[in-house]
1. Consider residue 21 carefully, then state whether it is modelled with pLDDT under 90, surrounded by 13 or more Cβ atoms within 10 Å (Cβ to Cβ), under 29 Å from residue 132 (Cβ atoms) and assigned by TED's automatic domain parsing to the domain that holds residue 117.
2. Mind checking which residues of the range 255-274 are touching a helix residue (DSSP H, G or I) at 6+ places or on another chain (Cβ under 8 Å) and either closer than 22 Å to residue 301 by Cβ or buried (at least 20 other Cβ atoms within 10 Å of the Cβ) (or both)?
3. Can you find even one residue in the range 75-87 that is closer than 25 Å to residue 288 by Cβ and free of Cβ contacts under 8 Å to residues at least 40 places away in the same chain?
4. Having 2 or more residues that are loosely packed, with under 15 Cβ neighbours inside 10 Å, without any contact (Cβ under 8 Å) to a residue 60 or more places away in the chain and over 22 Å from the mean Cα position of the chain (by Cα) is the bar; report the helices (runs of 4 or more DSSP H) wholly within the range 397-485 that clear it.
5. For the condition in contact (Cβ under 8 Å) with a residue 24 or more places away in the chain, surrounded by fewer than 16 Cβ atoms within 10 Å (Cβ to Cβ) and outside any helix (DSSP H, G or I), what is the one hit in 348, 287?
């Protein structure tokens, strides 16, 4: 009996120890991200999101788009994103972690590790070979193209969608083999619904299941009966998809997608596909922004060469996988999950491609690489086998090194956009975002000449004009700052921040009535139910200048509800409370 227990323990260790090692390596390479800050959408989606303050807001997520809590700035339009599960993830994290930056990064890395574990199970169940599963998980967990999805807190939508998507696939595979197939099928359909509500790109999963049915048809019955059985089995997924599309339409019908001429899409797709293919094969150098735009004119370099490269790559993959059903399925998985990112009209024209969109397609790519490496290992013995294992280890080390190096820019916005400018020096958008990041981080002296260049080239760019004025404000040139704020208001009268900045300038000049007038203009300029940040803070400063200390304290506390943990506002609140105590009020 004791011997049997020891054998069982050894089998368990032999089965799961490689996966534990893979997860440990994944955790190690992403451990530095725990020290990174909030960047980009993190601030507006988390810190400035009042809907995360209570679980009572959870039902609202199923009736609104991702950016419903935000007042749109000049020229901004909400993207067509309906992701209630993503918002629920933010809500749960906020309730558990508050504004703990390390905690948010920890849960993001943890979710990526869960996805890596599911990739292992996917590879093992698909092939029946735990070595293929282990190699697939190793390559997936350490693939540097995932940096954007893991090092960035708001990029968590990718692993958040991948986990239920993989779960749905695994339940589907288990259901085909189990006596309790109906329960597994029901679980698969339910997880597919969760994946859809996490991110819309998982909508191609039923197509992947259909591909699996075509490649691995049940052996019982005629071809006609097998097709009917497959159609019956996939019908619930189609029904869930239809319900999701109706709900999505009802929520997003007020959002707009810029129509793009078909010829532009056709000419741009080869470059987009080649971009993603290159970053799957060699994920470096990576950036948040790339010098990538719609192809306006048919050309050799931007249409013909990328198209030929993609076709040759596709032909090469087909030649390698055509005799292996499992490899065929992985290639189809990669292709199917690359289709949603090709719907370019859904994206901003300055951000048509992103590495995070490779999260789900990379499962198929890493599986194909795993097949190749497993094939090599199966045909060598002795020292050659050791050399084959060394190749896998070296590949893992190289991938891990790329992750560590290329995750560093995500530490803060200045580093992030400085890297974007280096990788995409011809991108005006990267240049502008670098200037804005410098200004927001308080590096106004460095940001001023950059923003001045942007305004010279785009004098009607309200965001750039405001950024330049804010820099002059922080460097003490209040007259120029106020003139630029007035210019911003001319360009967009619903932009609240210029009014608030002018109110602050007038307040510093002891013109309290003027400050009050501009503050009220900011209130009247508000669009939607959500208030602009600093609105209550400026009001508090005005009330304090009038001697209404209690009213000021109330306003500062309201501002802290919008910006919890903001040290500057806390300092204003504490200073006002000191004035109350000195004046003898309770």
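The values are calculated or read from the model by the stated rules, or taken from the named source; none is laboratory data. Just so you know, these numbers come straight off a predicted model, no measurement behind them. Using ideal geometry, Cβ is built from the backbone for each residue, glycine included, and neighbour counts are taken over all protein chains shown.
1. Yes.
2. Taking the range 255-274 and keeping what is touching a helix residue (DSSP H, G or I) at 6+ places or on another chain (Cβ under 8 Å), we get 257-260, 265, 267-274.
Those that are touching a helix residue (DSSP H, G or I) at 6+ places or on another chain (Cβ under 8 Å) and either closer than 22 Å to residue 301 by Cβ or buried (at least 20 other Cβ atoms within 10 Å of the Cβ) (or both): 260, 265, 267, 268, 269, 270, 271, 272, 273, 274.
3. yes
4. Result: 444-457.
5. Numbers: 287 fails: surrounded by fewer than 16 Cβ atoms within 10 Å (Cβ to Cβ).
Among 348, 287, only 348 is in contact (Cβ under 8 Å) with a residue 24 or more places away in the chain, surrounded by fewer than 16 Cβ atoms within 10 Å (Cβ to Cβ) and outside any helix (DSSP H, G or I).
Matching residues to (1) buried (at least 24 other Cβ atoms within 10 Å of the Cβ); (2) over 18 Å from the mean Cα position of the chain (by Cα); (3) closer than 30 Å to residue 405 by Cβ:
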{"position": "151", "(1), (2), (3)": "yes, no, yes"}
{"position": "156", "(1), (2), (3)": "yes, no, yes"}
{"position": "159", "(1), (2), (3)": "yes, no, yes"}
{"position": "162", "(1), (2), (3)": "yes, no, yes"}
{"position": "167", "(1), (2), (3)": "no, yes, no"}
{"position": "170", "(1), (2), (3)": "no, yes, no"}
{"position": "191", "(1), (2), (3)": "no, yes, no"}
{"position": "194", "(1), (2), (3)": "no, no, no"}
{"position": "200", "(1), (2), (3)": "no, no, no"}
